[in-house]
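The values are calculated or read from the model by the stated rules, or taken from the named source; none is laboratory data. Everything numeric in this text was worked out from a predicted model, so none of it was measured. For neighbour counting, all protein chains shown are included, and Cβ atoms are generated from backbone atoms with ideal geometry for every residue, glycine included. Surface areas here come from the heavy atoms of the whole protein model, side chains and all, with no ligands, DNA or RNA. Shrake-Rupley method; radii C 1.70, N 1.55, O 1.52, S 1.80 Å.
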Amino acid sequence: MAAAGHETLWQEQLQRGLVGVLLVCAVAIIFVPLVLTLYLSVFDETLIVFPPHGYTLRWYAQILPQFGSALRTSALTALAAVAVSLLLGVPAGIGLSRYRFRGREAVSTLLLAPLTIPGVAIGLGIFVLAVLIEERTEWALSGSLGLMIAAHVLITLPWVVRLCLASLANHDRAAEEAAASLGARPLAVIWRVTLPAMRSGIVAGALFAFIVSFENLEMTLFLIAPGMTTLPIAVLQYLQYHIDPLVAAIAVAQVVIVGTALILLDRQVRIARVVA
Amino acid sequence: MTRLTLDRLEKHYGTALAVDAVSLDIAPGEMVVLLGPSGCGKTTTLRMVAGFVPATSGDVLLDGQSILALPPYRREMGLVFQSYALFPHMTVADNIGFGLEMRGMKREPRRQRVLEMLRLARLEPLAERLPRQLSGGQQQRVALARALAINPRVLLLDEPLSNLDASLRAEVGRDIRLLQRDAGLTTIMVTHDQDEAMAMADRLVVMRDGQVQQTGTQEDLYERPATPFVASFIGRSTMLEGKLSDGNTIVVDGTALHLAGHYAANGASTLALRPERLWLEAPGVTAPGAVAGTVELASYLGPVREHLVRIGPDTRLLVRDSTAAAGRLHASGEAVSVRWDTGAERVFDAALTPLLAETTTTTSTRMSTHV
């Protein structure tokens, strides 16, 4: 009896120990690259040498002169793509969750499909199409900011639609009927009842859309032009000729920006609840 | 004060008939309860009146004017839902004021009206709370106050008590009834719960399979059910199917029951007997309103005694009598006579039409010879 009790206790401790080790490994896998990047970004070296001769923050000062234009293009593209995705995606989410109409499945598939297609394929397809149109119409499409934004809408829209649908899944339609019976016209019902109910989904969708657009590399490769490069591609190009701590500095800056946005938004809408 | 009329209102879904020619005239200030099992068409009827479901044919009239062409937001109906349907992001006060705001009422008079509704619904201390911070009973009172704030022409209640704890139902039900009566609101309530319906209605409509089975007061439905369905749905009835002969004997499962009344019909019939109107006597009675049987189960339930009496190989009668009356709990296996008078029995012919007892028959009166 006592021996058996001992044994289970011992097994329990072993189990707990194993779980602990696994946890530490997992956390290390996630955070070691981040910490290393942060560490590298303050090396006072032009080539990465270990151990460094000294530490400096000058790489951070170089971010804007070096990547300012790319950062601006990325931010502009991402913001515009988010805006267009919201304009299209929120009504689409409401429509798809509320009505059963012919072609509903087709619309739903079309809106969500870009998630399943490799970015390279989308980028190449858009590039070829743009060139074809250009040949026939003399319309300078390829390499334009408009095309870049349109392409990014393609990959951001699924996130907005999907999160809007998720936020409406638990929405009680009776509240809308109550509003209608109280004299609210259909648009007032949507504005005063439906959209507030979707708030967390809209915010989370916009955030994901922004990140997806801001970080996209594969598709965007086909859409850039001289003087119009997004941040991930500018970094890639820079890396081809230099390996210095500036790249680490820009990576840290990016993590800080996105991380701050996530934390602030999570306070607002509890993203985990919508995404889970 | 508005009169609400449903005129042969119908709803078809494809070939399925959800609501079949429902006609109903509701007097100003009257509370009518649509009662029936789920899928009987009561909710669809309510939703047609509210304007959320388009009617296939028929009409809905307020004070004689058709409102079928009006969208829901112009029908001026107060709705209360099973799920409360409060606006989760608005405070109690803003919920109540929503309808007034939609009507373009200015801020100050709106505040006054909201305060008045808060007072009526006893919600004053909760005005600035959000719905999720309230109990179910409080939420439903907010929903009611919100519906009443706009002075609706008609109040529609869709299973308003079903989500509430049993202990709260009676209380919120009384609140609804009092506010409705004080405001003189013409009201339709939908429920599947007969106790709730009996407690709250001025008049009841029993529905089944999209059709009205019977419309009447509580007493009409209980004392004079129009169909076997009503007899079993309102209160309890033991339903026995058998063959009626000589107008006063019905043979059920090989056993002859002597009816209390005399009927001008013969053939296949259904007999409904109210358990609480039957009583037990010593075996061997063959008077009108009697059948012989054996006690199978006997339970003492506090206010009542219940006996399950077997009267045929596969037929049993439930007898329920008050423990305040004379009598005793019988042992199982004891032979007894089950007795009743005309008030306990209801006979339906093969077409499910109730048969009326002929007045010439002498009704047996309850005797004091309890065993």
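Which cross-chain or sequence-distant (5 or more) residues have an amide H under 5 Å from the amide H of B:Ala18, H modelled 1.01 Å from N in plane?
Residues meeting the criterion, in which the H sits 1.01 Å from N, are B:Lys11, B:His12, B:Tyr13.
Taking a ≥ b ≥ c as the square roots of the Cα gyration tensor eigenvalues, with a/c under 1.5 meaning rounded and otherwise prolate when a/b beats b/c, else oblate, which class fits the stretch A:130-276?
Oblate, since a/c reaches 1.5 and b/c is not below a/b.
Once the Cβ-Cβ distance between B:Asn266 and B:Glu223 is put in as r, and R0 is 22 Å, what FRET efficiency do you end up with, to the nearest 0.05?
Working from the Cβ atoms, E equals 0.35.
Can you list the residues of the stretch B:63-90 that have at least 50 square angstrom less accessible area with all protein chains present than in their chain by itself, probe 1.4 Å?
Residues shielded by partner chains are B:Tyr73, B:Phe87, B:His89.
Compute the angle between helix B:107-120 and the longest alpha-carbon principal axis of chain B, please, reported from 0 to 90 degrees and rounded to the nearest 10.
20 degrees
Just reorder B:Arg346, B:Arg122, B:Arg132 by solvent-accessible area, largest first, 1.4 Å probe, all chains present.
Ranked list, largest accessible area first: B:Arg132, B:Arg122, B:Arg346.
Counting only protein heavy atoms and a 1.4 Å probe, tell me what percentage of the protein assembly as shown's accessible area is made up of carbon and sulfur. The partial results should precede the final answer.
Details: 19320 of 32070 Å².
Carbon and sulfur atoms account for 60 percent of the accessible area of the protein assembly as shown.
Note the angle between two axes, namely the Cα long axis of helix B:166-183 and the longest principal axis of the Cα atoms of chain B, as a number of degrees from 0 to 90, rounded to the nearest 10.
Helix B:166-183 sits at roughly 60 degrees to that axis.
Among the lysines, which fall within straight-line cross-link reach of B:Lys11, defined as a Cα-Cα distance under 30 Å, with same-chain neighbours fewer than 8 residues apart omitted?
The qualifying lysines are B:Lys42.
Enter the Cα centre distance for the pair the stretch B:161-230 and the stretch A:29-105, rounded to the nearest angstrom.
That distance is 61 Å.
Within 13 Å, Cβ to Cβ, of B:Leu164, how many net charges do the neighbouring residues add up to if Lys/Arg are +1 and Asp/Glu are -1?
-3
How large is the helix-only mean residue ellipticity at 222 nm for chain A, computed as the sum of -39500 (n - 2.57) over DSSP H runs with n ≥ 4, divided by its residue count, in deg cm²/dmol to the nearest 500?
Per the formula, -25500 deg cm²/dmol.
Can you give the calculated 222 nm mean residue ellipticity of chain B, where each DSSP H run of n ≥ 4 adds -39,500 (n - 2.57) and the sum is split over every residue, rounded to the nearest 500 deg cm²/dmol?
Calculated at 222 nm, the ellipticity per residue is -7000 deg cm²/dmol.
Enter the accessible area per residue of chain A (Å², integer; probe 1.4 Å; all protein chains in place).
Here the residues of chain A average 58 Å² of exposed surface.
What is the sum of charges, Lys and Arg at +1 and Asp and Glu at -1, for the other residues whose Cβ falls under 13 Å from the Cβ of B:Gly97?
With Lys, Arg at +1 and Asp, Glu at -1, the neighbours total +3.
Please compute the modelled spin-label separation between B:Leu178 and A:Cys25, points set 7 Å along Cα→Cβ, answer in nm with one decimal.
6.8 nm
Using a 1.4 Å probe on the protein heavy atoms only, what accessible surface does B:Ile311 show? Give it in Å² to the nearest 10.
10 Å²
Just want the answer: with Cβ charges of +1 for Lys and Arg and -1 for Asp and Glu, which residue in A:Gly183, A:Val212, A:Ser167 is farthest toward the dipole's positive end in the protein assembly as shown?
A:Gly183
Mind checking which aspartates and glutamates have their C-alpha under 13 Å from B:Lys243, skipping anything on the same chain fewer than 8 residues away?
Within the straight-line cut-off, B:Lys243 pairs with B:Asp253, B:Asp349.
May I ask you to derive the FRET efficiency for B:Ala350 and B:Asp94 from their Cβ-Cβ distance with R0 = 41 Å, giving the value to the nearest 0.05?
Rounded to the nearest 0.05, the efficiency is 0.10.
Just grab the label-to-label distance for A:Leu112 and A:Leu76, each label 7 Å out from Cα along the Cβ direction, in nm (one decimal).
Inter-label distance under the simple model: 3.5 nm.
Dipole of the protein assembly as shown, Cα-centred, from +1 at each Lys and Arg C-beta and -1 at each Asp and Glu C-beta, to the nearest 20 debye? Mind dumping the intermediate values first?
Values: 55 positive and 57 negative charges, 280 e Å.
With only Lys, Arg, Asp and Glu charged at Cβ, the dipole is about 1340 debye.
Considering only protein heavy atoms, with the full assembly of protein chains and a 1.4 angstrom probe, order B:His330, A:His171 by accessible area, largest first.
Per-residue accessible area, sorted high to low, gives A:His171, B:His330.
Which residues belonging to the stretch A:159-178 lose at least 50 Å² of 1.4 Å-probe accessible area when the assembly is complete, relative to their chain isolated?
Buried by 50 Å² or more upon assembly, which counts only protein chains, are A:Glu177.
For B:Lys106, list the aspartates and glutamates whose Cα falls under 17 Å from its own Cα; do not include residues on the same chain fewer than 8 positions away.
B:Asp94, B:Glu116
Do you know the relative contact order of chain A, to the nearest whole percent, from alpha carbon pairs under 8 angstrom that are 6+ apart?
So the answer I get is 31 percent.
Considering only protein heavy atoms, what per residue accessible area in square angstrom results for the stretch B:1-113 with a 1.4 angstrom probe?
43 Å²
Over 10 Å intervals from 0, what percent of Cα-Cα pairs in the protein assembly as shown sits in each interval?
3, 11, 15, 14, 13, 13, 12, 8, 5, 4, 2, 0, 0
Between B:Thr286 and A:Trp139, what is the label-point separation in nm under the 7 Å Cα-to-beta-carbon projection?
10.2 nm
Heavy-atom accessible area of B:Glu241 with all protein chains present, probe 1.4 Å, nearest 10 Å²?
It works out to around 140 Å².
May I ask for the angle, rounded to the nearest 10°, between helix B:136-149 and the longest principal axis of chain B, with both axes built from Cα atoms and the value confined to 0 to 90°?
Helix B:136-149 sits at roughly 60 degrees to that axis.
Assuming R0 = 60 Å, what is the FRET efficiency of B:Ala21 and A:Gln62, from their Cβ-Cβ distance, to the nearest 0.05?
That pair, B:Ala21 with A:Gln62, gives E of 0.15.
Ranked from the most accessible area to the least, with a 1.4 Å probe and all protein chains present, what is the order of B:Phe229, A:Phe31?
Heavy-atom accessible area, descending, gives A:Phe31, B:Phe229.
Using the Kyte-Doolittle scale, which helices in chain A average at least -0.5 and also have C-alpha atoms spread 24 Å or more along the helix axis, with helices defined as whole DSSP H runs?
A:2-40, A:58-98, A:119-137, A:145-169, A:195-215, A:245-269
Between chains A and B, what is the buried accessible area in Å², counting both sides, with a 1.4 Å probe and ligands, DNA and RNA left out, to the nearest 100?
1700 Å²
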